[in-house]
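The values are calculated or read from the model by the stated rules, or taken from the named source; none is laboratory data. Predicted, not measured: the structure shown is a model, and the values here were computed from it. Methodologically, a virtual Cβ is constructed for each residue, glycine included, from the backbone with ideal geometry; neighbour enumeration extends over all protein chains shown. Note: areas computed on protein heavy atoms with side chains; ligands, DNA, RNA excluded. Shrake-Rupley method; radii C 1.70, N 1.55, O 1.52, S 1.80 Å.
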Amino acid sequence: MAKKGIHIVFLFFFCFQINSQSKSDSLALNFRLEFNKLPFEVNKKYVSSKKDTLTVETFRCYISNIQIQYEDQSVFTQKGSYHLLDSDNPDSFQFHLTKKNDKIISKVTFNIGIDSLTNTSGAMAGDLDPIKGMYWAWQSGYINMKIEGKSSSCKTKKNEFNFHIGGYLPPYYAMRTMELIYDKKASQINIGIDLYNFFANLNLAKTNSVMIPGTLAMELADYSKSLFYIE
């Protein structure tokens, strides 16, 4: 029994070591949630460029179809992967993509949201599981980005604002593609997500609730591209 216990402990540390080594040898993508270039805090009071005082209680966003393009024109594509960034889960903002190498990275591209084919496949598992709170129904599909909070500018119940951005059926296809120039070697790519830029486009007294696909959701999807930048 004692030998069996020793073998189990040895196996645990062996697996831990292999896992740690694989992470240190891989290229990581690290997203950092911010407000006006400062680290973001849930429920902290912020002031937008429109002079709206606000707190953000929830931020969730799908990142998918990540591609790393190198200077030699080779491309790594992380196929069939969907990552849910969730302010309630800080660990969700970093993930490992592929083995690290000495090539110069020239470009990083990814989708903000879920593609139409995945939407028509119905509710799925993992980060796409409806339990994550990012799935409307089969008619509307997945929510690409969710931003919820409160502001005294909102003349709504409990001064709440709710932005659920999504839609996969034309003309309201709300997925957006980001293309970020990088131009250097790296073991970790840091990408800022600045919510200040999102609220810079909004007057919360007038626009404070988007809960279905439509014209306004498309406008917010366009705004969402202004959040992401290479740090």
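Worth a mention:
- Rolling a 1.4 Å probe over the heavy atoms of the protein chains gives region 101-219 an accessible area of 47 Å² per residue.
- Within the accessible area of region 112-231 (1.4 Å probe), percent carbon and sulfur: 53
- Rough spin-label spacing in nm, given labels placed 7 Å along Cα→Cβ, for Ile230 and Gln73: 2.0
- For the pair Glu160 and Thr215 in one chain, pulling the backbone fully straight at 0.36 nm per residue adds 17.7 nm over the alpha carbon distance.
- Here is the size of region 21-127 from its Cα atoms: Rg then Dmax, 16.7, 48 Å.
- Kirkwood hydrodynamic radius over Cα pairs of region 146-231, then Stokes diffusion coefficient at 10 °C and 1.306 mPa s, in µm²/s: 110
- Prolate/oblate/rounded call for region 48-100, Cα gyration tensor, a/c under 1.5 rounded: prolate
- Too-long pairs where the Cα-Cα distance tops 30 Å, listed order kept, from Lys44/Lys103; Lys44/Lys107; Lys50/Lys146: Lys44/Lys103; Lys44/Lys107
- GNM result for the chain, Cα springs below 10 Å: residue of Leu38, Leu204, Leu27 fluctuating most strongly: Leu38
- Heavy atoms of Ser209: accessible area, 1.4 Å probe, square angstrom to 10: 70
- Over every Cα atom in region 105-190, the radius of gyration and the widest Cα-Cα span, Dmax, amount to 16.6, 49 Å.
- Partners for Lys150 among aspartates and glutamates (Cα-Cα distance below 16 Å; same-chain residues under 8 apart left out): Glu41, Asp52, Glu57, Glu160
- Packing, as the average of other Cβ atoms within 10 Å across residues, places the peptides 53-61, 181-189 in the order 53-61, 181-189, highest first.
- Spread of Cα-to-Cα distances over 5 Å intervals beginning at zero, given as percent, for the chain: 1, 6, 13, 16, 17, 15, 12, 8, 5, 3, 2, 1, 1, 0
- Cα centroid separation, region 167-231 to region 127-165 (Å): 14
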